[in-house]
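*Asks:* I'd like to ask some things about the structure below.
The values are calculated or read from the model by the stated rules, or taken from the named source; none is laboratory data. Keep in mind the model is a prediction, meaning the values are calculated, not measured. In this analysis, Cβ positions are derived from the backbone assuming ideal geometry, glycine residues included, and neighbour counts consider all displayed protein chains.
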Amino acid sequence: MATQIVTFDGEYVDESLRAALPANASGWESKYQIVAIMGPQSSGKSTLLNHAFGTAFREMDDSLGRSQTTQGVWLSRAETCETTPTLVMDLEGTDGRERGEEDTAFEKQTALFAMASADVLLVNMWCNDIGREQASGKPLLRTIFEVNLKVFSPEKKTVLLFVIRDRSKTPFERLVENLRGDLESIWRGITKPERYANSAITDLFELKFTSLPHYEHEHELFVAEAKALRARFDAPANAADSLRDTAAAVPISGLGVSLREVWNTVKANKDLDLPAHKIMVATVRCEEIADAALAQITECDELANLLKEAKSAKVSHLVSKIEKLTNKALTPYDDEAKYFVKEVREAKRLDLKARVAKTLGEVASMHLEHVRQDIVESLVHEVNATLDRVGFATFLKETFTKLDAQWEERLDESLPTDDLAWADFVVEETKNFHKTIDAIVDSLRKERMNLTIHACERAMERGVSAQAIGLLEEAPRDMWYKLRQMRSSAAEKWNSEVADAVSEFEPSDEEVERVHQNMRNRITEVVDGKSRDAATAALAHMKQAFARVFSKDSKGLPRIWRPLDDVAAINRKAQREALRVLSLLAVTRLDDRADKKGDDAAIKSIETALYGLIPSDAPLTSGVEDGDDATETPSTAEPVAVSLPTEWEDAADDAVILTPAECRTIWLQFESDTLYAVSQAMAAKEAARRALTGGAPIWMIVLLIILGMNEIKWLLTHPLTLFIIVALGLYARAIFNQLDVTSAMQLGMVPGLTVLAAKIVPVGVGILKKLADEGARSWSPESTPIPAAPVGGTVAHAGTDPNSQFAHASGDITSQGVRQRAKPRETVGR
Ligand SMILES: Nc1nc2c(ncn2[C@@H]2O[C@H](COP(=O)(O)OP(=O)(O)OP(=O)(O)O)[C@@H](O)[C@H]2O)c(=O)[nH]1
Ligand SMILES: [Mg+2]
């Protein structure tokens, strides 16, 4: 079927070639030819083609007069060429009045298009025109020569077959000779580019000639010769006759692209570089073929299934599956692209392989992700198994080599690693693998390093806490200076310890600096925390300080209250000590810029303000008991209102832990808590005083001994009477002790005597009974040794109950208090 491939308006029609080709045209590969015809309008071009090649180009209808029939460029398959696939191009005639006298542009374009595309160009000429100066075909010949100079084709010459129509009786050889003469003169007449300046016509063209009889007058001969002409193209009888050219410049599958691009170039009035055009066609076509080949994979179920499989798990035998799918694309590519320029074809094949690798890379990536996961798991397992035994650095060296080997092995199992198309992918995935491993190792390293740092910090906390607590409890005047010093030396020590501990993790300089900074911060936090804790427990610290002074003597031993001790003065001294501790704790002084002198001044100022809380007069001398005996009792009067500043002078807000108001509250609580201890001290002192003054004077005892010398002698000579008197005396003393006469008499004379009278008989009997029980037990053979008599009930009671409030705050104070208070009471009892 004949189709218009270039319209009258110069538009290229893409579908025309497809319509002109038979279904099996792809089998032509590069073994086909294109024949085109040019010539003046209505010179019988279409008629000749139809008769020679069995085409169906439209011929002029004589009834309509002589006018243009063929417009643009038409294309058809030569139906009569059975041996050699042949395409025929019928071109619009030249010199037609339809385009006007001057418009030769389209004629040149079609001439160039035909020369670039066709293997043989037929040039139709009237026999009568040969040798004539004003022949109608001459402008066309000039055009052909001129445009041919625009085609760069070093490979082969353009084959021109001059068809001399309506041959006369002039011998053919003569006609050819004349025609050659005409051609030479036209060639000479055209302006040639420099490189063709000295070229002969035959350097660029292969000139061939044939003639045909008159179509109408010798019709049968015309038909026969037309047929013979076709045979020269289709199945030539010999090489000399042959016009066949089956080495097509572009394989049939690239013809569409080639024709389109040639026309575009021609239309754009550009020179035609045929070799470059060939490469361009090959490039376009090989890309198209590669696209189609790739689609074989992207659209196949196999890939979809593979993707599904790889998403959830590793793919078994991935490498063979990849190879199979790659071949699925490469085989059709190789088949179709084999006739295109080799360099282009091979380059595009590599491209295709890379694209296949990229397409399959998605599957491979998922698969390798599982592989990486496996290796990472084994790494973590390895870490847990070996890290406790070897250092981190050693572990890394050993493990990295092992992991790399594992990865290489798994890569070989998964991908065609020796295939260059996969090289980039392998490099990329290996990079990812290293990145993953590096990230895991780094996180493990950091985790382990943090554990080590935390262990150091915990050890530091224990050491620094103990040191800080010791200093805070001791509360020396230069406590803050010592705390700062301790903090600096701790920072030095622990920074060195932690640097040693983390060295096996090969930390960067920044990391080491960060660790040191954290350690310094942590130490400050600990010291600060402990000092704030101490301030929060200021009451307990004050009580400790108070007890140090009040409950201990100058040698640090528990104080035994004596009749001449000034409890009030000691109490004041102890209170001052307690307030000194409070003034130390009220404000933290851990700022590095602080100095010892500044501390002292600031603490002194707080201390002075707080001393105002202690009542200035001796508050312990207010009670009078038992007539003449003046005794000290702790003051229970309301504290005197003392004005404290609202804020501590020169203290930063965040350094103040206890405001003046809070200090006052603590002081009031402290005063109330220590009141009992003071009253106990006074009671102990009073008891000591009574013990000293309650017995008979010595002169009286001496007088008694002198006056009673006779009775003493008598008694010594009557031991039984002496024994009875001693026994009765002891019995009376025991009754006296048990009756607790002192307590009873505090009720008043009469009620006291009544109570004593009521108790005397049961007490006497009880003592006798106890004696009897003890005697019986001591005679019993199984009797066990009698345990030591417990401390008198009164004493024990005095040691636990009244002091309990104080005891909660300070165990030391309590126990010492108990001991010191118990002794005078026992003395009194005896
Ligand atoms: N004298 C002569 N006339 C011919 C010959 N072949 C064809 N014709 C006649 O020339 C006229 C034009 O024929 P076409 O084959 O249409 O000519 P063409 O060159 O294709 O014309 P365009 O397509 O218009 O350029 C017809 O009337 C044909 O019968 C021939 O060999 N000699
Ligand atoms: Mg025609």
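*Asks:* Quick one: in the stretch 512-564, of everything that is aliphatic (A, V, I, L, M) and without any contact (Cβ under 8 Å) to a residue 40 or more places away in the chain, which residue is farthest from V502 (Cα to Cα)?
*Replies:* The extreme case among them is L564.
*Asks:* Working carefully through the options R487, R462, find the one that is over 30 Å from L411 (Cβ atoms) and either surrounded by 15 or more Cβ atoms within 10 Å (Cβ to Cβ) or touching a Phe, Trp or Tyr at 6+ places or on another chain (Cβ under 7 Å) (or both).
*Replies:* Unique residue meeting the criteria: R487.
*Asks:* Inside the stretch 39-51, can you point out the residues that are modelled with pLDDT of 95 or more and more than 9 Å from ligand 2 (Cβ to nearest atom)?
*Replies:* Correct list: L48, N50, H51.
*Asks:* Another question, then. Do you know which residues across the stretch 442-481 are of a type in the set (G, A, S) and not in a loop (DSSP other than H, G, I, E, B)?
*Replies:* Listed by number, the residues that qualify are S443, A455, A459, G463, S465, A466, A468, G470.
*Asks:* Taking into account only those residues within the stretch 14-38 that are of a type in the set (A, V, I, L, M) and assigned to a helix (DSSP H, G or I), which is farthest from ligand 2 (Cβ to nearest atom)?
*Replies:* A23
To keep it simple, each residue is scored yes or no on (1) of a type in the set (D, E); (2) closer than 30 Å to L149 by Cα; (3) modelled with pLDDT of 90 or more; (4) surrounded by 14 or more Cβ atoms within 10 Å (Cβ to Cβ).
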{"position": "A268", "(1), (2), (3), (4)": "no, yes, no, no"}
{"position": "A290", "(1), (2), (3), (4)": "no, no, yes, yes"}
{"position": "L307", "(1), (2), (3), (4)": "no, no, yes, yes"}
{"position": "T326", "(1), (2), (3), (4)": "no, no, yes, yes"}
{"position": "V344", "(1), (2), (3), (4)": "no, yes, yes, yes"}
{"position": "L350", "(1), (2), (3), (4)": "no, no, yes, no"}
{"position": "A354", "(1), (2), (3), (4)": "no, no, yes, yes"}
{"position": "A357", "(1), (2), (3), (4)": "no, no, yes, yes"}
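*Asks:* Here is a further query. Collect the residues in the stretch 256-269 that are in contact with a helix residue (DSSP H, G or I) (Cβ under 9 Å, 6 or more places away or on another chain) and outside any helix (DSSP H, G or I), keeping them in residue-number order.
*Replies:* Residue satisfying the conditions is N269 alone.
*Asks:* Answer yes or no as to whether E15 is of a type in the set (D, E) and either near ligand 1 (Cβ under 8 Å from one of its atoms) or in contact with a helix residue (DSSP H, G or I) (Cβ under 8 Å, 6 or more places away or on another chain) (or both).
*Replies:* So E15 does not fit the description; no.
Let's see how each residue does on (1) aromatic (F, W, Y); (2) touching a residue at least 40 places away in the same chain (Cβ under 8 Å):
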| site | (1), (2) |
| --- | --- |
| L403 | no, no |
| Q406 | no, no |
| E409 | no, no |
| S414 | no, yes |
| L420 | no, yes |
| F425 | yes, yes |
| T430 | no, no |
| D438 | no, no |
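*Asks:* Here's a follow-up. Give me the helices (runs of 4 or more DSSP H) completely within the stretch 709-787, filtered to those with at least 2 residues that are at pLDDT below 85 and of a type in the set (S, T, Y), ordered by residue number.
*Replies:* Counting at least 2 such residues, we get 741-745, 749-779.
*Asks:* Identify, from the list K342, K338, the residue that is more than 27 Å from V427 (Cα to Cα), in contact with a Lys or Arg (Cβ under 8 Å, 6 or more places away or on another chain) and among the charged types (D, E, K, R).
*Replies:* Criteria check complete, one pass: K338.
*Asks:* Pick out the one residue from A52, A25 that is under 60 Å from the mean Cα position of the chain (by Cα) and either closer than 15 Å to C81 by Cβ or within 7 Å of ligand 1 (Cβ to nearest atom) (or both).
*Replies:* Only one candidate qualifies: A25.
*Asks:* Which number in (1) within 16 Å of ligand 2 (Cβ to nearest atom); (2) of a type in the set (D, E, K, R); (3) under 25 Å from G54 (Cβ atoms) marks the one condition that R167 misses?
*Replies:* Of the numbered conditions (1) within 16 Å of ligand 2 (Cβ to nearest atom); (2) of a type in the set (D, E, K, R); (3) under 25 Å from G54 (Cβ atoms), the odd one out for R167 is (1).
So that you can scan it fast, the table gives a plain yes or no per residue for (1) within 16 Å of L160 (Cβ to Cβ); (2) charged (D, E, K, R):
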{"site": "D182", "(1), (2)": "yes, yes"}
{"site": "L204", "(1), (2)": "yes, no"}
{"site": "K208", "(1), (2)": "yes, yes"}
{"site": "F222", "(1), (2)": "no, no"}
{"site": "L229", "(1), (2)": "yes, no"}
{"site": "A237", "(1), (2)": "no, no"}
{"site": "A240", "(1), (2)": "no, no"}
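*Asks:* Take the residues of the stretch 52-78 that are closer than 26 Å to T158 by Cβ, in a loop (DSSP other than H, G, I, E, B) and not polar (S, T, N, Q): which is nearest to ligand 2 (Cβ to nearest atom)?
*Replies:* Filtering first and then ranking leaves F57.
*Asks:* Take the residues of the stretch 528-556 that are part of a loop (DSSP other than H, G, I, E, B) and closer than 15 Å to A684 by Cβ: which is modelled with the lowest pLDDT?
*Replies:* D553
*Asks:* Tell me whether the stretch 83-99 contains one or more residues that are without any contact (Cβ under 8 Å) to a residue 12 or more places away in the chain, closer than 30 Å to I130 by Cα, within 12 Å of ligand 2 (Cβ to nearest atom) and of a type in the set (D, E).
*Replies:* no
*Asks:* With the requirement that a residue be among the aliphatic types (A, V, I, L, M) and over 24 Å from S46 (Cα atoms), what does the stretch 197-222 give you?
*Replies:* A197, A200, I201, L204
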